[in-house]
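What follows is calculated from the coordinates using simple rules that are stated; it is not laboratory data. Predicted model only: the values in this text are computed from it and were never measured. FYI the Cβ positions are ideal-geometry reconstructions off the backbone, even for glycines, and counts take in every protein chain you see.
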């Protein structure tokens, strides 16, 4: 079952987890069936958690890259302003 879980998408795992929870909440299952459902629910919750952690890591990486680009652009802009001010300062000294 673990091999199947590794290829299972988030939505598929979530939908099956919802079904497992409904079946447990409905009652009527034997103790053995309930334990099997609970174990399956734990596996599915782990699959969902892994997908969500991966998604969070991708978002964090994208946000960090965007922030780094903005910082670099700001530093380049400041360097251009500093160079222009220095050029104007030298031009004023030459007069």
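Can you pull out every residue in segment 7-27 that is closer than 15 Å to residue 52 by Cα, in a helix (DSSP H, G or I) and in contact (Cβ under 8 Å) with a residue 12 or more places away in the chain?
Selection gives 10, 13, 14, 17.
Does residue 49 satisfy the condition of being closer than 30 Å to residue 9 by Cβ and free of Cβ contacts under 8 Å to residues at least 40 places away in the same chain?
Details: closer than 30 Å to residue 9 by Cβ: yes; free of Cβ contacts under 8 Å to residues at least 40 places away in the same chain: yes.
In short, yes.
Out of 43, 32, 77, which single residue is exposed (fewer than 10 other Cβ atoms within 10 Å of the Cβ) and assigned to a helix (DSSP H, G or I)? Can you show your working first?
Details: 43 fails: exposed (fewer than 10 other Cβ atoms within 10 Å of the Cβ); 77 fails: exposed (fewer than 10 other Cβ atoms within 10 Å of the Cβ).
So the residue among 43, 32, 77 that is exposed (fewer than 10 other Cβ atoms within 10 Å of the Cβ) and assigned to a helix (DSSP H, G or I) is 32.
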